Structures are given as structure tokens and as C-alpha cells.
Amino acid sequence: MNTTRDILNIGGRWRPWEVAIWLLALASPLLLSSHALIINEIAIVALFAVSLDLILGYTGIVSLGHAAFFGMGAYAAALFSKHVMPDPLVGLAFAIAVSTLLGAVCSLTIMRGSDLTRLMVTLGVGLILMELANKLDWLTGGADGLQGVVMGPLLGRFEFDLYGRTSALYSLVVLLVFFVLARRLVNSPFGGTLKAIRDNRLRAMAIGIPVTARLAVVYTVAAGIAGAAGALLAQTTGFASLDVFAFDRSADVMLILVIGGTGWLYGGVTGAIAFKLMQDVISSITPQYWTFWIGLFLVVLVLVGRERLIRPWTWFRKARQ
């Protein structure tokens, strides 16, 4: 069976339909101004999912603590705005730098052990940072969250309004920039070595690929991108709380990649769109049971398969011998 990547034939060269989709996405805050807030949320979650796909889909590193970098970026951007300067772009750069540094340190923890070991270690890092943010209430606000975060106008001209149009366009542009960078990375010779490590680490070592260095680099890059997503959340909402470190945030982005698919960057984007729209629509109908319906959807997705899900007439067709 062909994979989604094979069907769409996504390589290093941009297709016309890709350019059209991104232009439409950038225009969506203006075309759908009444839905700018959810567009902003989708862009942030999509960026977070792209960062996880770099280590999960392209390198095979399973992580349940990716929210650690998301949360670090959120608090770094919020604290920078509150205590240093409110410029969003400078704050974004600062948050990326802090998250990248954290990722470089944490990359030392994933070099050894099995997938289960890495799973527990990454989860532990997220829990440690969450508890630190809770205890350092004089700096982070503790359980009450960091309040009083005021962002300056974007580029000195565009104010962040209550309707979210500026926020949505800002998040979409940042998403596009990092998507382009991630695309260049995975379609480069460096990205080819990552796929080799994912498929067979021992064979990659045998042909001379520096596995340890590659893992450290991609983990650090993914941490920086996740920090950018966290910074966007703090800047566009003007608030940072312990929720940014929560386990369910890491679990949600994992579910997004299950929906959209791993190993192709558009999986994080399409998964984020599907997940956030389902969450918004279902929770408006059944606020108490929306997780049940999303869970049911995931069960059907796993049983049927992503390619067959969009073609219901093939669900009960017997597989060819």
C-alpha cells in the first residue's frame, strides 16, 4: 500500500498546490475574520506538531515530554515581555534561544536506552519543569499563572486586537517560516541520515553515520521549534500557566500526529486542523463528552487506516491475496 507521502509525492520541490494552500492559509484571517481565534490556535498547534514530527516521524524518537520545550518557550516569552521589553519578535527569538538551549541539554538524556526508557525520561523532564514552575511562584506566578503580560505592536504598527486577526496572521507566518526550514532540513542529506537512523540505527552506525550527533542536533532543533510554538501561545493570549507543561498537551500533539500521519510535515498541519476543528465542533455540541467522540474517531482511524478512512466504500472490501 502506498503511503500518504508517496500518494502526494512530496519532495524537495514545491508543488503549485502547496503554494496555493499556503497563500490561502495566510489570507484566512482576513477571509474568515470571525474565526481568527481558532485559526491562531490551529497555527500554534500545527507548529508544535511539526516539531514533534521531526523527532518522531523522521528520527524515531518517541517522546511524551515534548511539552517541556513548549512550556519553556511560553514562559520565556512571557517573562521577557513583562520584565525586559514587549516587542513580540525579540521575545520570540529569546524564547527560541532558551528552548533550544534546554533541548541541547536534554538531548543528552536520549542517547542511551530503549524507546521505553526515552519515553519515561522525556516525560520526567516535563514533570520536573512543571513542578519548578509551580514552586517558583515569585517568578512564574505558580498555580495562578503569569499574569500582566502585555505585548507591544507587531513591527511597531500592528496591535494585537481582541478579534485575533493580527495574532492569527503572526502565528501563520511563523508557522510557514519554520515549516520551510523543517522541509529543507528533512529533504537535505542530513534528513536522509535521520531516516536511516529511524529505519535501522545499527546499520546507520555501520555505514559511518554519527548517530549520537545527529540525534542531538535534531532533538535540539525540534526543541527550538516547540519553544516557538509556546512563545506564540503566550504572546497571543497574554498569559502563561502551568498548563503549558501538562502531560495532556504532549498527549494531544501525539494524537494529532496519529490523525495526520508521521514522517511527512503536512501530517502535523492536517492533523492539527482536524483535531482542533473536531474539538471545537464536538465540544460545542456535547461539552462533557467531546473526548469520547474524538477517542471513537481515533479507534476507527486505527482500525480502518488513514487512506481508507476518506474512502468509506473500501472499508468492508476484502484485501487482495
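Heavy-atom accessible area with a 1.4 Å probe sorts T109, T291, largest first, into T291, T109. Considering only W22, W290, W14, the Gaussian network model of the chain with Cα springs below 10 Å gives its largest mean-square fluctuation to W14.
Within the same chain, aspartates and glutamates fewer than 8 places from K276 are excluded, and of the rest, those with a Cα less than 16 Å from its Cα are E41, D248, D252.
When only alpha carbons are used to place a centre, region 97-167 and region 243-298 end up 20 Å from one another.
Using the rule -39500 (n - 2.57) for each DSSP H run of four or more residues, divided by the residues of the chain, the 222 nm mean residue ellipticity is -22500 deg cm²/dmol. Computed over neighbours whose Cβ is under 15 Å from that of L154, the net charge equals -1, Lys and Arg +1, Asp and Glu -1.
In this simple spin-label model, placing a label point 7 Å from the Cα along the Cα-to-Cβ direction at both M111 and L127 gives a separation of 2.5 nm. Sorting H35, H66 by solvent-accessible area of protein heavy atoms yields H35, H66, largest first, with a 1.4 Å probe. Modelled spin-label separation between L303 and D248, with each label point placed 7 Å from Cα along the Cα-to-Cβ direction: 2.6 nm.
Once the other residues with Cβ under 14 Å from the Cβ of A133 are scored (Lys, Arg +1; Asp, Glu -1), what is the net sum? That sum, taken over residues with Cβ under 14 Å, equals -2. Sorting W293, W138, W264 by solvent-accessible area of protein heavy atoms yields W138, W293, W264, largest first, with a 1.4 Å probe. Amide H contacts of A240: L146, each under 5 Å away and 5 or more positions distant or on a separate chain (H built 1.01 Å from N in the peptide plane; Pro and chain starts excluded). For region 22-154, the square roots a ≥ b ≥ c of the C-alpha gyration tensor eigenvalues yield an a/c of 1.5 or more together with a/b not exceeding b/c, which makes the shape oblate.
About its Cα centre, the chain has a charge dipole of approximately 1420 debye under the convention of +1 per Lys or Arg Cβ and -1 per Asp or Glu Cβ, with nothing else charged.
Accessible area per residue for the chain, computed on protein heavy atoms with a 1.4 Å probe, is 50 Å². The alpha carbon gyration tensor of region 239-286 gives principal lengths a ≥ b ≥ c with a/c of 1.5 or higher and a/b no greater than b/c, which makes the shape oblate. Accessible area per residue was computed with a 1.4 Å probe on protein heavy atoms; I285 scores about 130 Å².
Could you work out the relative contact order of region 152-243, using alpha carbon pairs under 8 angstrom and six or more residues apart, expressed as a whole percent? For region 152-243, the relative contact order is 19 percent. The accessible area of T286, taken with all protein chains in place and a 1.4 Å probe, comes to roughly 40 Å².
Select from I256, I38, I273 the residue whose mean-square fluctuation is largest in a Gaussian network model of the chain (Cα-Cα springs shorter than 10 Å). Maximum among the listed residues: I38. For region 48-114, the gyration tensor built on C-alpha atoms gives a prolate shape. Its axis ratio a/c (a ≥ b ≥ c) is at least 1.5, and a/b is the larger of a/b and b/c. If you run the Gaussian network model on the chain, springs between alpha carbon atoms under 10 Å, then out of P210, P16, P153 the most flexible one is P16.
The values are calculated or read from the model by the stated rules, or taken from the named source; none is laboratory data. Computed from a predicted structure; not experimentally measured. A quick note on method: Cβ atoms are made from the backbone with ideal geometry, for glycine too, and the neighbour counts reach across all protein chains shown. Side chains included, ligands, DNA and RNA excluded: accessible areas come from the protein's heavy atoms. Shrake-Rupley method; radii C 1.70, N 1.55, O 1.52, S 1.80 Å.
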